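The values are calculated or read from the model by the stated rules, or taken from the named source; none is laboratory data. For clarity, every value in this text was computed on a predicted model and none was experimentally measured. Every residue, glycine as well, gets a Cβ built from its backbone with ideal geometry; the counts of neighbours run over all protein chains shown.
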């Protein structure tokens with residue numbers, strides 16, 4: 001993210017989010033909503049652009065980086 005373009009941790013979330021992923025499923029295009037897991041207190045602001053986002057603690061973030069699922 002270039003300098004002077006916003007609060008870095010929030011801007012990064014917005015650049016990482018795709019909002020909707022489109023994939024071919026059985027020959028038809030299917031749209032899937034995007035999700036985002038973050039460790040910052042502003043993580044849930046990503047919901048404002050249509051991405052399901054939720055904040056987690058350090059241990060949950062480490063587990064996610066190691067491929068473990070996040071449970072609600």
Q: Hey, can you tell me all the residues within the range 62-72 that are outside any loop (DSSP other than H, G, I, E, B) and in contact with a strand residue (DSSP E or B) (Cβ under 7 Å, 6 or more places away or on another chain)?
A: 64
(Q) It is to be established whether one or more residues within the range 34-54 are out of contact with any strand residue (DSSP E or B) (no Cβ under 7 Å at 6 or more places or on another chain) and in a strand (DSSP E or B). (A) no
Q. Does any residue in the range 9-27 that is on the phi > 0 side of the Ramachandran plot and modelled with pLDDT of 75 or more come within less than 8 Å, Cβ to Cβ, of a residue that is surrounded by 11 or more Cβ atoms within 10 Å (Cβ to Cβ) and not in a strand (DSSP E or B) six or more places away or on a different chain, and which pairs are these?
A. 19/34; 19/49; 19/50; 19/51
